[in-house]
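Nothing in this text is a laboratory measurement; each read-out follows from the coordinates by a stated rule. Keep in mind the model is a prediction, meaning the values are calculated, not measured. We place every Cβ from the backbone using ideal geometry, glycine too, and count neighbours over all the protein chains shown.
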Number of protein chains: 2
Amino acid sequence: MRTPRRSAVDESRTRTALLDAAQGLMLEEGYAAVSSRRVGAKADMNPAMVHYYFGTMDGLFIELFRRGAERSFEQLTRALLSAQPLWGFWEATHDQTSSAMTMEFIALANHRKAIRSEIAGYSRRFRQTQLDVLSRVLVGYGVDPQVWPPVTIILMMAGISRFLLIEQEFELDTGHAEMIAVIERHIRELEGDRVLDPAPLASRDG
Amino acid sequence: MRTPRRSAVDESRTRTALLDAAQGLMLEEGYAAVSSRRVGAKADMNPAMVHYYFGTMDGLFIELFRRGAERSFEQLTRALLSAQPLWGFWEATHDQTSSAMTMEFIALANHRKAIRSEIAGYSRRFRQTQLDVLSRVLVGYGVDPQVWPPVTIILMMAGISRFLLIEQEFELDTGHAEMIAVIERHIRELEGDRVLDPAPLASRDG
DNA sequence: GTCTATAGCTGGATAGAC
DNA sequence: GTCTATCCAGCTATAGAC
């Protein structure tokens, strides 16, 4: 009997507007801009609403993190279950918004301990899912796990992708095209050309 | 006739103590903990000293960033000019303190524009130096630049290293050992076993 | 160079009216 | 659910004594 995932208050339009406002501020000006007053102003609402819906600012941050994480997890799952899981995963790691939010939360975690454990928990879950699916996929492609353990391929793609995204925010792009080309060459060797919007398998031949 | 690099005020003990205090706070509690009051308290000094030495908080942050960047640059140069430049570079990317500070400054840059251009400028300089040296080195090792352009090797090592460091701060280490093993296996193929504290070439048979 | 004092602002949180 | 009013804390920055 845990807390129900969705209470009445979770679905309120006001609540969603506050989360949206907080996310906007975080992306545009960093987490330090996310104050109850500024969130209220951006959502055209009274600052006191933040406390009514989330209690404390920590509460707001945690709910915002969870909302984003759940969305990313759905995106990840869809990517991994598609016909080209490697391509899907690689593209999922490019999500600019999600990556920028993650960076802010990582910085936040330094002085908000509740955020820290939230991030750690979700990260474990993400990694496990990636590993479960891609381990099977890579073995299927004939990649020798002694030479390239699946987890290293995941860490490489995730790490490089995030690094490039961060650099992009500073208008640095030296070598980015070459880096992407090298990675995609390897993906292509395993999984063929990227097929955009591939038809679901079930619909083939009706 | 630009501003001289080192004025009298630059070498003051007080100034150094303030920078040290700011750095400590930043690492322990994140950039948001770096206020003139807290820096003053940590350095056992009056908060007004911060404004005397740095003018504004932005001034403090910029000087702190530069001090760290200069130190890292010296470390990088030493690593690249050593007998095993690839090993040296790889190890330089592991600097926990430097990486954590960089993360904080990246987050800061989101709402402090002066920081943003400071980071971009130094990053370009770092990348250029890495590229100049490692391009020659890798060609010397016989790495085909058509298949593995030097810049991709740099980006891979830097990106992966930072990713692992971030995860470590959240007590995540799944696959880290395997990832490091794979990278070091490749470095070893090019540059042999790591020789710790190698004697300078000049002293051999000297 | 160092300190006190203080102006002026922004923020978190709550009580209580409606 | 929403809003007003308010308390208290912490912050930057400056003026001016020593």
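With its label point put 7 Å out from Cα toward Cβ, A:Phe170 sits 2.1 nm from the same residue's point in the other copies, in order from shortest.
Within straight-line reach of A:Lys42, meaning a Cα separation under 15 Å, sit the following aspartates and glutamates at least 8 residues removed in sequence or on another chain: A:Asp20, A:Glu28, A:Glu29. Entry note: the protein assembly as shown has Rg to Rh equal to 1.00, where both radii use alpha-carbon atoms and Rh is the Kirkwood radius. Scaled to the globular estimate 2.2 N^0.38 Å, the Cα spread of the stretch A:70-206, given as radius of gyration, is 1.14. Each Lys and Arg Cβ is given +1 and each Asp and Glu Cβ -1; about its Cα centre, chain A then shows a dipole of about 1040 debye. If the segment from B:Leu131 to B:Glu184 were pulled out straight at 0.36 nm per residue, it would be longer than the present Cα-Cα gap by 17.1 nm. Closest approach of any chain B Cβ to the axis that rotates B onto A belongs to B:Ala107, 2, distance given in whole Å.
Measuring r between the beta carbons of B:Ala83 and A:Glu74 and using R0 = 51 Å, the FRET efficiency lands at 0.50. Inter-copy label distances for B:Glu189: 1.0 nm (label point placed 7 Å from Cα along Cα→Cβ; shortest first). The label point for A:Ser117 and the one for B:Val195, both projected 7 Å from the Cα toward the Cβ, are 5.0 nm apart. Counting from the shortest, the label point at A:Ala120, 7 Å from Cα toward Cβ, is 3.7 nm from the same position in each remaining copy.
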